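The values are calculated or read from the model by the stated rules, or taken from the named source; none is laboratory data. Every value quoted in this text rests on a predicted model; they were computed, and no experiment measured them. Cβ coordinates were reconstructed from backbone atoms using ideal geometry, including for glycine residues, and neighbour counts include every protein chain displayed.
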Amino acid sequence: MKNIKKFIVFCLAVMMVVGSVYTVHAGEMSGFPTQSSNSYSRNYARAIQVMLLNYNSTTRSCITQSGGADGTYGSGTVRGVTAFQQSRGIDDDGICGAATWRNFRNTLIRNGTSGQYAMYRGQTPYYTNMNNMRQVNVSGGLWSCFYITTWHSVG
């Protein structure tokens, strides 16, 4: 009985370690809620816009020509998401659902750590003097995205 209790404690400890490592691999982005022009959160819409700014020149121009990462899921964001989806070979409906979040996550490049944060950059950084555009708090799993001079909470 004593050995069973030790084994259970050991398994729980391993699960806690594996869970904390998981948060630094951007896996939780696939659980972000679906966003569209009809239903969106400003935090998630801004996160999508930052991803598009840092993906390629086509998606970047969709956001820059529509006012930047303002947290509004407008026509520029729809065009950017559609262009991103087309480039990744997924359904190009302009809606950011699970497949689009997963593909966004897969474009992130791990760029080290800074204190309690795991840092990421995009395929083509929007700010040439700043490599980090996303960060996740390793202990809490909360995402932030960088735009202009500020880190914005995502989820």
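Scanning the stretch 67-94 for residues that are hydrophobic (A, V, I, L, M, F, W, C) and surrounded by fewer than 17 Cβ atoms within 10 Å (Cβ to Cβ) returns a single hit, ILE90.
All of (1) out of contact with any strand residue (DSSP E or B) (no Cβ under 9 Å at 6 or more places or on another chain); (2) more than 15 Å from MET29 (Cα to Cα) hold for ARG102 with one exception: (2).
Taking the conditions exactly as written (assigned to a helix (DSSP H, G or I), modelled with pLDDT under 95, of a type outside the set (Asp, Glu) and surrounded by fewer than 21 Cβ atoms within 10 Å (Cβ to Cβ)), does VAL17 satisfy them or not? Judged against the criteria, VAL17 is a match. Just so you know, in the stretch 29-51 the residues that are in a helix (DSSP H, G or I) and modelled with pLDDT under 90 include one that is surrounded by the most Cβ atoms within 10 Å (Cβ to Cβ), and it is MET29. Answer with yes or no whether THR23 is surrounded by 18 or more Cβ atoms within 10 Å (Cβ to Cβ), under 16 Å from the mean Cα position of the chain (by Cα), of a type outside the set (A, V, I, L, M, F, W, C) and modelled with pLDDT under 90. Yes; evaluated as a whole, the condition is true for this residue.
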